[in-house]
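**Student:** Got a structure for you, written out below as structure tokens; questions coming shortly.
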Amino acid sequence: MTGPTHEATDDLITLPGTPLADAVMNLIRPVETPSVFNHSIRSYLFARLVAGRLGLTAGRDYHDDLLFAACAMHDLGVASDGPHSQRFEVEGADRAAAFLIDHAVPAVDADQVWQAIALHTSPGIAERRGTLCVLVREGVALDFGGPLGTDHVDALTDKQADAVHAAYPRLDMIRSLTDAIVAQAAKDPKNAPRYAIPGEFLRERETFGRTRLEHACRSSRWGN
């Protein structure tokens, strides 16, 4: 089932503006590079578009504050102030869940966010763990423009994409995010398990100078 997407530019780029969403913004903005921060916010905006395309409605099918929290904090594991002691997806999920519980979010909801962040690099698994996991995975994938295998790369028009990128520029996102993941992975062998994204990124950078994903993204819809 498909449904309408956000059409108006103001609606398209509007963030929740709730106390929890504001607290999340205040958490991630100082500790993520501008490129990774913008990627995190675009992932939320794109996830909402995917939700509309799937006929999902905020408040009925998913909680918008939780979707924002999961998307905005999905790369918290590469934040500059992190302990960097486990693979970045798990580290980010742990930090996000603890942050939400500290802000009076019920543990069951914090656990949904934990799963969505921890599994966002796990195709075939995230899609089986509920609506929030699906939307976060697809929102992140859409911001990569195709190489992650999203089925929704055409979920927004060029005009909509231009509006999102004007508000939150890409700033060479692919290289910046890969740099951050590789740097985090290199700090401890536990951060870079074989066949997991951080481990493979680290090994591909060391062997070839760039990752296969970086190469694939050059011909993606966004190009960087």
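**Student:** Can you tell me which of (1) open to solvent by 60 Å² or more (accessible area, probe 1.4 Å); (2) among the aromatic types (Phe, Trp, Tyr); (3) closer than 17 Å to residue 50 by Cα is the one residue 144 doesn't meet?
**Tutor:** Result: residue 144 fails condition (1) only.
**Student:** Taking into account only those residues within segment 99-135 that are among the hydrophobic types (A, V, I, L, M, F, W, C) and touching a Cys at 6+ places or on another chain (Cβ under 7 Å), which is farthest from residue 26 (Cα to Cα)?
**Tutor:** 126
**Student:** Which residue, of 128, 95, is farther than 21 Å from residue 200 by Cα, of a type outside the set (A, V, I, L, M) and at pLDDT below 95?
**Tutor:** Just one listed residue meets the conditions, 128.
**Student:** Right, next: Quickly run through segment 124-141 and pick out the residues that are among the small types (Gly, Ala, Ser), surrounded by 23 or more Cβ atoms within 10 Å (Cβ to Cβ) and under 17 Å from residue 63 (Cα atoms).
**Tutor:** 139
**Student:** Taking segment 21-80, which residues are within 22 Å of residue 174 (Cα to Cα) and either among the charged types (D, E, K, R) or touching a strand residue (DSSP E or B) at 6+ places or on another chain (Cβ under 7 Å) (or both)?
**Tutor:** 29, 32, 42, 48, 75, listed by residue number.
**Student:** Also, quick follow-up: Of 95, 42, 87, 29, which residue is under 30 Å from residue 188 (Cβ atoms), open to solvent by less than 10 Å² (accessible area, probe 1.4 Å) and not aliphatic (A, V, I, L, M)?
**Tutor:** Just a single option satisfies the conditions, and that option is 42.
**Student:** Pairs only if they're at least six apart or on different chains, beta carbon under 9 angstrom, first in segment 101-123 and touching a residue at least 40 places away in the same chain (Cβ under 8 Å) and surrounded by fewer than 19 Cβ atoms within 10 Å (Cβ to Cβ), second part of a loop (DSSP other than H, G, I, E, B) and not small (Gly, Ala, Ser); list them, first residue then second.
**Tutor:** From segment 101-123, the pairs are 109/63.
**Student:** Additional query: Any idea which residue in segment 152-164 is nearest to residue 220 (Cα to Cα), counting only those that are in a helix (DSSP H, G or I) and open to solvent by 40 Å² or more (accessible area, probe 1.4 Å)?
**Tutor:** The extreme case among them is 158.
**Student:** In segment 165-224, which helices (runs of 4 or more DSSP H) lie fully inside it and hold 2 or more residues that are open to solvent by 60 Å² or more (accessible area, probe 1.4 Å)? Walk me through it before giving the result.
**Tutor:** Numbers: elements: 173-185, 197-208, 212-217.
Correct list: 197-208, 212-217.
**Student:** Look at segment 13-26 and say how many of its residues are farther than 21 Å from residue 130 by Cβ and crowded, with 20+ Cβ neighbours inside 10 Å.
**Tutor:** Summing the residues that are farther than 21 Å from residue 130 by Cβ and crowded, with 20+ Cβ neighbours inside 10 Å in segment 13-26 gives 0.
The values are calculated or read from the model by the stated rules, or taken from the named source; none is laboratory data. The structure presented is a predicted model; accordingly, all values stated were derived computationally and were not measured. With ideal geometry, Cβ positions are generated from the backbone for all residues, glycine too; neighbour counts draw on all protein chains shown. Areas reflect the complete protein model, heavy atoms only, side chains present, ligands, DNA and RNA absent. Shrake-Rupley method; radii C 1.70, N 1.55, O 1.52, S 1.80 Å.
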